[in-house]
1. For the stretch 69-184, just say rounded, prolate or oblate: build the C-alpha gyration tensor, square-root its eigenvalues into a ≥ b ≥ c, call rounded for a/c under 1.5, and beyond that prolate if a/b exceeds b/c, oblate if not.
2. Positive end of the charge dipole of the stretch 136-178 (Lys, Arg +1 and Asp, Glu -1 on Cβ, about the Cα centre): tell me which of THR156, MET176, TYR137 has its Cα farthest that way.
3. Could you tell me the relative contact order of the chain? Use alpha-carbon pairs under 8 Å, at least six residues apart, and round to a whole percent.
4. Largest first and to the nearest Å, give the Cα extent of the stretch 1-125 along each principal axis.
5. Report in % the part of the accessible area of the chain that belongs to carbon and sulfur, leaving out ligands and nucleic acids; probe 1.4 Å.
6. Under the √(5λ) rule applied to the eigenvalues of the Cα gyration tensor, what semi-axes describe the equivalent ellipsoid of the stretch 48-112? Give them in Å, descending.
7. Whole number in Å², please: accessible area per residue of the stretch 22-94, 1.4 Å probe, ligands, DNA and RNA not counted.
8. Kindly write out, for the stretch 140-152 in residue order, the coupling ³J(HN,Hα) from the Karplus curve 6.51 cos²θ - 1.76 cosθ + 1.60 (θ = phi - 60°), rounded to whole Hz, with x marking Gly and Pro.
Amino acid sequence: MRRYEDSYRQKGLRRQLVDNIRQKGITDENVLAAINNIPRHYFLDTAFEGIAYEDRAFPIGEDQTISQPYTVAYQTQLLEVKPFEKVLEIGTGSAYQSCVLGELKANVFTIERQKKLFDQVKQFPFKSRYPTIRFFYGDGYEGLPTFAPFDKILVTAAAPEIPEKLLKQLKIGGKMVIPVGGQDVQRMLRITRTGEDDYEKETFDNFSFVPMLTGKKS
Ligand code: SAH
C-alpha cells in the first residue's frame, strides 16, 4: 500500500508553485488557496513525487496527463465558481482539477471516458475529503442530462468545436470554459448562456490539451 504523506518540504514547494502561478497572472485568491491546499504529489506516480510542484503537466497513464497547475488555475479562475454551484467537468483524469473545484465548495459532477482512469481515481485518499465530488464513467460529449442544468461546465480536453449538447445543459446565466481548436493548439473560450437560444463568447489565451475523444473506452 502506498503511504500518502504531505511533508514540510512538499508544503514549501507548493507555496513556491502558488507564487509562481500568481506571477504568471492568476489573481483569484480562492483559486490560489485551493492549489496551496491540495497535495498534488498524491495524484502522481511516486516516480514524479520529487518534481510534482514544477509548473508542468505529467503523464497519468493511458496516454493522458494531469494538466499544468497554471492551466488548472487559469480555467478555474475563468469559471468564477461560487460555493454550492453545480459544476460539470469533462475529463476527470487524475481528479486533481475536480479537487480544486471541491476546494471551492462546488457540487462537482465529473466524467471520464476511460475505464482504467475512472477506476484508478477510486483508490485515492481524497475521496472522503471531497464528498461533494461525484464520479461518472461516460462520454463527456453527452454531458449528464439527468443532472442538468449546470451553473458551470469545465472541459479539460481539447474540443474540435463547442459540443452542442453541453451548451444545452447550461443554466441560463451559466458559463462554460473550454479549449477549442486543432490538435496542437487551442483557444480558451468562455461561453455564457444569456437566454434560451442565446450565447455570448469570450476568447482568451492559447493552450495545448490532450484531445477530447468520442465514446467510452473500456
Ligand atoms: N482534469 C484532468 C485533466 C486530464 S486530461 C486532471 O486534472 O488530471 C483530459 C482527460 O479527458 C483525460 O483523462 C481523457 O481520458 C479525458 N477525456 C477525453 N475525452 C473525453 C470525453 N469525451 N469524455 C470524458 N472524458 C474525456
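1. Rounded, because the longest to shortest axis ratio a/c is under 1.5.
2. MET176
3. Contact order relative to length: 15 percent.
4. 35, 34, 23
5. Numbers: 5180 of 10540 Å².
Roughly 49 percent of what the probe reaches on the chain is carbon or sulfur.
6. Working: eigenvalues 94, 37, 17 Å².
So the equivalent ellipsoid measures 22, 14, 9 Å along its semi-axes.
7. 41
8. For the stretch 140-152, the Karplus curve yields x, 4, 8, x, 9, x, 5, 9, 5, x, 10, 6, 9 Hz.
The values are calculated or read from the model by the stated rules, or taken from the named source; none is laboratory data. The model shown is predicted, which means the values in this text are computed figures rather than measured ones. Every residue, glycine among them, receives a Cβ derived from its backbone with ideal geometry; neighbour counts consider all protein chains shown. Heavy atoms of the whole protein, side chains included, go into the accessibility calculation; ligands, DNA and RNA do not. Shrake-Rupley method; radii C 1.70, N 1.55, O 1.52, S 1.80 Å.
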